[in-house]
Amino acid sequence: RLNSGNAVLKDFTFGNGTIEFDVNTIGPGAPGIAFRQQDEGNFELVYLRPDPACPAYSACIQYAPQTHGVLLWDLFPQYQTRAPLRENGWNHIKMVISGRRMNIFVNDSPAPTLQVGRLEGDAMQGSLRLQGPGTFANMVITPDVVDGLSPDPAADPTESDRGLVRNWRLSKYSALAAAKEPTY
């Protein structure tokens, strides 16, 4: 049981495979699991936002990468969805992670509740961390069992959009100038 805070699995490195666990939420909050964690500022995160209207609420389960200390949940609205979560009671979560893809199943749903076609984190392996508030039980981690999920990222529908800047650098001068100039 984590009333708040985190618990890191000691001496364990995870890259690809299946992670299953049961979680019972404790009051308001966003219990979850971080994987491929490099340090406190860099990891992939799946978290739950239980709500009485979860079957209709579009953000009951979310995936977000955290990079350089910034949780990027708001940059990827396509990685949040409604879910058959129980606000009070146990929920079974199954995560299948393969390369740059992940499927998440909630409460034994036969189809993925959330499909992440492009994991956005920088690392391909790292530690696992549970995030409270929540009570976690029956955790089973099966490395390299990916149920046939392709490791390749899904096609990016904006890849051919020539109006997007995809590669850029910020010079030292530009960063200093930007810091001194007010923005309106």
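The values are calculated or read from the model by the stated rules, or taken from the named source; none is laboratory data. Computed from a prediction, not measured in an experiment: that's the story for all the values here. Here Cβ is always computed from backbone atoms with ideal geometry, including for glycine, and neighbour counts include all displayed protein chains. Just the protein is used for accessible areas: all its heavy atoms, side chains included, with ligands, DNA and RNA removed. Shrake-Rupley method; radii C 1.70, N 1.55, O 1.52, S 1.80 Å.
Summary table
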{"item": "Karplus 3J(HN,Hα) series, Hz, for region 14-26 with 6.51 cos²θ - 1.76 cosθ + 1.60 (x for Gly, Pro)", "result": "10, x, 10, x, 10, 10, 10, 7, 10, 9, 10, 6, 10"}
{"item": "R0 of 30 Å, Cβ-Cβ distance D39-N88: FRET efficiency to nearest 0.05", "result": "0.30"}
{"item": "Proximal charge balance of T113 [Cβ under 11 Å; K/R count +1, D/E count -1]", "result": "+1"}
{"item": "Distance in nm between pseudo-label sites at T13 and D147 (7 Å out along the Cβ direction from Cα)", "result": "2.7 nm"}
{"item": "Solvent accessible area, Å² - M139, 1.4 Å probe, full protein context", "result": "70 Å²"}
{"item": "Listed residues T13, T81 arranged by accessible area, highest first, probe 1.4 Å", "result": "T13, T81"}
{"item": "Contact order normalised by residue count of the chain, Cα under 8 Å, 6+ apart, percent", "result": "32 percent"}
{"item": "Phi to ³J(HN,Hα) by Karplus 6.51 cos²θ - 1.76 cosθ + 1.60 over region 67-73, Hz, x for Gly, Pro", "result": "9, 6, x, 10, 7, 9, 4"}
{"item": "Accessible-area ranking of V106, V165, largest first, probe 1.4 Å", "result": "V165, V106"}
{"item": "From phi via Karplus (6.51, -1.76, 1.60), per-residue ³J(HN,Hα) for region 144-149 in Hz, x at Gly/Pro", "result": "6, 9, 10, 6, x, 5"}
{"item": "If the convex hull is drawn through the Cα atoms of region 101-140, its volume per residue in Å³", "result": "121 Å³"}
{"item": "In Å², nearest 10: area of L114 left accessible to a 1.4 Å probe", "result": "10 Å²"}
{"item": "Residue order for R162, R82, R49 - accessible surface, 1.4 angstrom probe, largest first", "result": "R162, R82, R49"}
{"item": "Average accessible surface area per residue within the chain, 1.4 Å rolling probe, Å²", "result": "58 Å²"}
{"item": "Choice from G148, G99, G117 showing the highest fluctuation, given a GNM over the chain with Cα pairs closer than 10 Å", "result": "G148"}
{"item": "Charge context of P52, other residues only, Cβ under 11 angstrom, K/R +1, D/E -1", "result": "-1"}
{"item": "Structure-derived Rg/Rh (Cα atoms, Kirkwood Rh) - corresponding label in (1) 0.96; (2) 0.94; (3) 1.02", "result": "(3)"}
{"item": "Counted charge near L71, where neighbours are those whose Cβ lies closer than 12 Å (Asp, Glu -1; Lys, Arg +1)", "result": "-4"}
